[in-house]
1. For the charge dipole of the chain, defined by +1 on Lys and Arg C-beta atoms and -1 on Asp and Glu C-beta atoms about the Cα centroid, which residue among GLY899, VAL559, GLY863 has the Cα displaced farthest towards the positive pole?
2. To the nearest 20 debye, what charge dipole does segment 14-341 have about its Cα centre, counting +1 at the Cβ of each Lys and Arg and -1 at the Cβ of each Asp and Glu?
3. Whole angstrom only: what separates the Cα centroid of segment 309-331 from the Cα centroid of segment 244-291?
4. Can you tell me the relative contact order of the chain? Whole percent, Cα pairs under 8 Å, sequence separation 6 or more.
5. Hey, what angle do you get for helix 807-826 against the long axis of the chain, alpha-carbon based, 0 to 90 degrees rounded to 10?
6. Sequence-distant or interchain residues sharing an amide H contact under 5 Å with LEU363, placed H: which?
7. Given H placed 1.01 Å from N in the peptide plane, which residues other than close sequence neighbours of LEU327 have an amide H under 5 Å from its amide H?
8. Filter the cross-link list LYS41/LYS310; LYS251/LYS488; LYS118/LYS263 down to pairs whose alpha-carbon distance in this structure exceeds 29 Å.
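Please treat every number below as a calculation from the coordinates, not as lab data. This one's a predicted model, so the numbers in the text were calculated from it and none came from an experiment. As a convention, Cβ positions derive from the backbone with ideal geometry for all residues, glycine included, and neighbour counts pool all protein chains shown.
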Amino acid sequence: MKYYIQSNQENFYDLLSSNSMEQNQCFTFFHYNDDKKIEVKLTRSDLLKKSLDIAAKLKNSGIKKGDKVVILSTQTVDNVLSVVGAMLAGAIFTIIPPPIDPSKMERFISVVKSCNPKFLLCGNLLENKAKEILGALKKKVEVAEIFSNLEVINVEKCEKRENFIPEKIELDDIIYIQYSSGSTSAPKGVLISYGNLISAINCSVEPLGVERIFGWVPFFHNLGLVYLIFTPIIKPEFTIGIMSPSDFLEKPSRWIENLSEFKADSTLAPNSVYESYPKLVPANKLEGIDLSNLKLLLNGSEIVTYSSMKQFADEYKDFGINLYDFLVGYGLAEVTCGATGVCNFCDEQILDIDFDQYQNGKLVLANENTKNKIEFIGNGYTIKHHKIIAVNPDTLEECKEDEFGELWIEGPAVAKGYYNNPKATEETFYSKLKGQEGDFLRTGDFGIVKDGYIYITGRMKELIIINGNNILPNDIVVKLTEKMPALKYANIVPFSIVKEEKERLVLAFELPEVLRNSIEFSNIVDMANKCVLEYFEVSPYEICLVESGALPKSDNGKVSIAKTAKLYEENKLNIANSSRGNNECEYKKNIEYNTDTEKTLGKIITKEFDYNANIGDNLLNMGMDSLEVIQLTTKIEEIFNVTVPVSFVFENPTIKEIGKYIDRTLAGEDITDLEKDKSYLYDEVKLDENIKPGKYENDAPEMKNVFITGTTGFVGAYLIHSLLSETEARLYCHVRAKSEEDALKRIKYNMEYYHLWKEEYREFITPVIGSLDKPLLGIDEEKYKILTETIDTVYHNGALLNFIYPYERLKNTNVGGTIKTLEFACTGKPKYYNYVSSYSVFDNPSHFGKVAMEDDPLDSCIGYYLSYSETKWVCEKIVNLAREAGLRAAIYRPGEITGANDTGIWKLSDSISRTFKSILQTKVYPNIDLKIHMTQVDYIAEAIVKISKQGDAYGKAYNLMNSVYVSISELGRIINKCGYEAKPLSYEEWKENLFNSGNEHPLKLLESLFRITKKNEKEEFVNRYGKMSPTYFDTTNTDKALEGTGLSCEPMNEALIEKYIKNFI
C-alpha cells in the first residue's frame, strides 16, 4: 500500500527523538478531586524517556514483536506512555474501557478472547482493581483458560532502562487493534498499521489549521486515540489538553471552562453533546468565559443536525462562538479515524430532500408539494489522497448522479483488515469497482456524494423495510423531534421485528427525568402514530417507554439498535409503559361491541394488525397506515363478501361506521347515505366575490415578471426551462425552503436532475419562500404586496398528487392553494393566469364513450375514481368563476406526464412509472386494453409557454395529449421486444399476483385501486380506462394555438418507450 508519509516520519523512534528536543508541554491533563482541579503535564522529552522504560519492561517480560497487550483507558498520563511504550517494544496494543460494569465486562472478555494479550497495562489508579478482576476471572470455569496467562503491568512502576534498543516499526507493521464500538454487531478488531496512522494524521488532522486541541473524548474511541494521543506525538506543533469523560459528565461546565482557560483553538464532541449542552450549561450561568481563540468545533461520531449546531452557536455567541466554527466530519475505525471534514461548515452543506424519492434511492430536492421531506447535513469533503464513492449495493456499480448508495472508500488510511477474520476482511476491505483503481473499503454506511460533500444517512444494517419503503432509523428520529422538539433530549430507538411473517416497526423511548414529569406518554403515542403515518405511511407496531438506563449503549455512548431489538425480542427490555399495554396497563381495556359484525371486525383488527380498538376509536390515529387500510378492506371482502371502498375507511375510520356499512350492504339496504355524498363537491365551487382583477392595460401578458408554483417538481423544472428559453422574463419561483439561498439550491438541483440547469439561469430566477397551504401563500406580507404589483403572469402548477387519500386530505393544498393563487392574481396589478390541471377531470361517467371536448363545461362531479381528480374538477370550476369575474385565465390538461423526448428521465413516483417498474421487476403484465395516454413533459411545458404568450389564448382550456395512446398489453409486448422478459397474464391472474405479492411490488401501494368494485359494470377499473374511456380527446384549441410555432407532440413510439425502460433499470 502506498502511504502518505512526510519527512522524518518513517522511523517512529527517530521521530520521537527529534520531537523530544522540543521542550514544550506535549500534554496537559486536567483531573478533579471533588471540585479541586489538578493539572498534570507531560513534555516530549519525558514522553520518550518513560515510554522507553515501559518498552524495556515489556521486552524483559517476554514480549516479542507482534504480541498483544491491553491498555485500560483512564484518560491519564499512563495511557499515553503505555501506547508509546507498547509500540517501541514492537507489541500490538488495544485500548478499551475498564471492565467496571456488566456491559464493559462483556466487552473486556470478548476482546481478550479475540486477541489473546500477554499483558494488561495500567497505572497506579487501576493496578489493584485490575488484579482483583483478573483474579476473579481466572476462577470462572467458562473463561479461566483465556485469562490464565494474562498478567498486570503497572507502567508507573517501571524501572529506568539500560541501553535499550527499541523495535523498528515498518510502515506495514500493525501497531494497534481498534475494536469497533459494536453499535450494530459484536465488536470487530480493526488492524491499523503505522502507515495507516501517519497517513490519517497527515491527511485529516494537519489540514485543519489548528494547534491547541482540548477534548474529553475517551482514548478507546478512535477520535480520542488519533486526535488526543497520536496527533501531538507525530506533530510537534500540537499541544493537547485532556479531561476525562467522567469529569465532564460529573460537571459539564468543566468543558467550556477549560476551553477558555487552555485557550484552545479546537475541540471535538458528538452531535448529541452539542445538542444537549446549552440546556445543561446555560450561558447566563457562566462567568469569565473567553472562547475567542476557538475556531474549530469538530462535530461527528453520529448523524449531525443543523439545529444542534445553531442552538449551540446561538447560546455561546457572546463568548465568541460562531455557527461557522463547526466542522462536520465522518469517520470510522476501518479508515483509522476521519474520512471527511477538511473545511468548516457552510450553508451549502444543508440539503432538504424529497423523502419518498430518497426511499427509492434518489436525491430529489424537496419542494412546496413535497409531503415527506428530510434534512441532511453534509459531512464535509473527502480528506486528501482518498476517494469516497457511492455504490449501488445490489449491482456493485457506481451510483448515478443523485442516487444514494453504500459509501466505498479508497486511500492510505484504510486499515489492513479485521483481526483473525479473513472472510470479513475480504468482503469489507478488498472490493473492486469498475473504472476505479485500487481496493475499496465497503463502509456499510448509506449516503450520497453531492457537489463534493459527503452525506451520511444511516447504517445499512439498521435499515427497516416496511410496505416496500426503505426507512433508516435516524429519519424517523428526525421527524419525531421536529413534531415534538422536547424529544431531542430523549433517546429514541426505532427498529424492526418480524411479527407473523411481517416486518413491523417498534419505537423505544428513554426519557430524561425532566421530561418524564412533563410529557404524558399518551401524548407521545398519539404524536408518534400520526407522525410516522404522515411521513412514512407505516404504523408502529408498538411504542414503548423504557426505564432510565434500559437501552444498551456501546462504549462511546451510542445506543445499540441491534442490541435493543434483541432485548425486545427476548422480552428483556425493561419497558415501563407501552401503547400495546400489559396486564396492569390501561391500554388493555375491556372492549364492548354492539353487533356481531363489530365483534368480528374487532377480532380482525386485533389478529391481523394488533390494535385493540373500541368501536369509536380512530384507526388512523391508532397507527393504521394506507397499506393496512387496503389489507383491512381485503380481509373484509374475504370474510363478509362485501367490498368496502378504501376511501370510505379513510373518511370513516372506526369499527362502528365500517360495521354499519357491512351490515347494511348484506341486508340489501341503500348505503348511499353512508358514503360521502359527492354532490357536496358542488358546494366546494365558490370564490369570494372580492377576488376579481382590476382593468388590464395590455391585450397579452408582458412576460416580464412571472410567478410560478410547483417549481421543484417534474413539470416545474421544464416550465422554468421553457420560460427562460422562450422569453426574457424574470421568474419568481415559489418554493418551500428555509432561505432564498436554500430555495435556489432546490430549484437548481431539481433542474440538474433532469439535465436542464444552465448557470446563466441563476440571474433570471428569484426564489420566493412560501407554501400553498398557508395564508398569502406563505409569503412574507411585505414581499407579497410588492409581488402583487410586480408580477404580470402566473403559472399555478403546484399540487399534491396521491391516489389513495380522500378529498379532505388533498383539499387544503390543491383547492386552497388554487384559491390563494387566484387571489394573488387578482390583487394589485391584474395578471394573466395559467392553471395546470389534469386530463383526469374527464374521468367520470358523464364522459364515458364520448369525445372529451376542451371547452366542455364539466357539469358533473359524480363518479370520479380518484379524489385527486375531484380536486382538479373543483379547481377548474373555481378558475372559471374567477374568469367570469374578469380574470384572464387559461387551463391546461396534460395526459399522463412522462419523460422528455431527448433523455427519457422520469421519476419513479406516479402510477405509470410504477407500472413500468412492476413489469420489469415482476416480469408479468395484465393482458388488457387499458389505455395509457403518455405525454412527454417537455412538450407539455413548451406548449403551456407558447400558448400562454398569446393574449387571445386566455378564456379557454387546452388538452395537452399525445395523439397515440399505448395499452398495458402493448406496453408489455414492447418491453419484451426490447429484450426484457415480460409475460402476459389475464387480468384476474395479474391481480391475484399483485394481491399475493410482498411489499416490494411497485404497485403494492396502489393495490386498493384494483380492488374497488362498482355497482355499474361500466365503471369497473378495466372498463373505465379501456372501452368506456373517452373515445377521443379534442385538441382543437391546442392545435390552433400552436399553429405556426413549430411545436407538436411526437407520437408515442417504441424508441421513446425504450428510453423510459432504461431509466427504470
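1. The residue sitting most towards the positive pole is VAL559.
2. Details: 35 positive and 40 negative charges, 178 e Å.
Here segment 14-341 has a charge dipole of around 860 debye.
3. So the separation of the two Cα centres works out to 12 Å.
4. On the way: 2088 pairs, mean separation 75.9, N = 1065.
Dividing the mean separation by the residue count of the chain yields 7 percent.
5. 80 degrees
6. The list, which skips near neighbours in sequence, is GLU403, PHE404.
7. Residues meeting the amide H criterion: LEU297, LEU298, ASN299, PHE345.
8. Working: LYS41/LYS310 35 Å; LYS251/LYS488 21 Å; LYS118/LYS263 41 Å.
Violating the 29 Å Cα-Cα cut-off are LYS41/LYS310; LYS118/LYS263.
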